[in-house]
Each structure stands twice: as structure tokens, then as C-alpha cells.
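Below is one structure, written out as C-alpha cells; the observations come after it.
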Amino acid sequence: MYGDPTTIRRILTELGDTWAIVGLSSNDQRAAHGVAKVLQRHRKRIVPVHPKAETVHGEQGYPSLAAIPFPVDVVDVFVNSELAGGIADEAVALGARAVWFQLGVVDEAAWDRVRDSGLDMVMDRCPAIELPRLG
């Protein structure tokens, strides 16, 4: 329901290769760490976004979306659902082309706001699972 195959394919193959990953830190025990590595293997530029602004997988981190000094195509959200809506709003304001909420991250009001803003959105899905399905 929150990610039809056409939208998933468009985000993963057509909307650009710079992915800001909100919640990505150097903690290799977190899901974001592994997903970021998969995105890199698929030629995506990852941009870690975490209050600590750590360098992850060789990429400079930033403390917030607003601190990123270059355009971002997709904002991939690895925070709890209560915080996700605010990040989605920041992604729209930033001029991102799409928002992706990870598995377990659901905010239907944010879904409506992002889609009403004209951006593509996927929710409660993982690009590391969806990429191999593209064939």
C-alpha cells in the first residue's frame, strides 16, 4: 500500500543517486549501516545524517538535513515513527525528489503531506530488499 512497484522502481532507478540517510551512524549493529552499504554497492552516494555527524562508509556525515551543502535526491528515514513526519517535512523543504521511510516507520499524515507536495514516497519498505527485486 505504501510503495507501489512503479514508485519503488522510479525512486531506485530514475530520481537520482544522492541519498541522505537520516539516522545513519558508525554503529555497525544498526540496520541503517548495512542498508547504506547496499546502496553504495548499487552506485548510490550516501550522506549520513545524524547528530554526531560521523563519517560512515567513507562519506562525510552532517548533523541535519539542513546542514547538507549540496542537493539530495532521496531522504531515507531510519528514525522512529514519531519523529519521521518532521523529517519528511524537512525533506520537502530541502527540495528532495523522494522520501523513503524504512521498515516499521509509518506516519500516514506525513505520507499525505509528502505526496501532496508532489514528491514520490515509499513507507514501511527497505531499499536493500527492493533493489534485488528490480532484476
Compute the convex hull volume of the Cα atoms of the range 94-135, divide it by the residue count, and report the result per residue in Å³ as a whole number. 79
Just to check I understand the Karplus step: with θ = phi - 60° and J = 6.51 cos²θ - 1.76 cosθ + 1.60, what whole-Hz values come out for the range 72-86, glycine and proline as x? 10, 8, 10, 10, 9, 10, 10, 10, 5, 4, 5, 9, 5, x, x
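Ranked by accessible surface with a 1.4 Å probe, highest first, in what order do S117, S64 come? Display every interim value, and only then the final one.
Details: S117 65, S64 40 Å².
Listed by decreasing accessible area, they come as S117, S64.
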Step by step: find N for the chain, compute 2.2 N^0.38 Å, then divide the Cα radius of gyration by it. What's the final number? 0.93
As a test, work out the antiparallel percent of DSSP beta bridges whose residues both lie in the chain, rounded to the nearest 5. 5
Accessible area of the chain belonging to carbon and sulfur atoms, whole % at 1.4 Å probe: 48
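The values are calculated or read from the model by the stated rules, or taken from the named source; none is laboratory data. Quantities reported herein were computed from a predicted structural model and do not represent experimental measurements. To get the accessible areas, we keep the full protein, side chains included, count just its heavy atoms, and leave off ligands, DNA and RNA. Shrake-Rupley method; radii C 1.70, N 1.55, O 1.52, S 1.80 Å.
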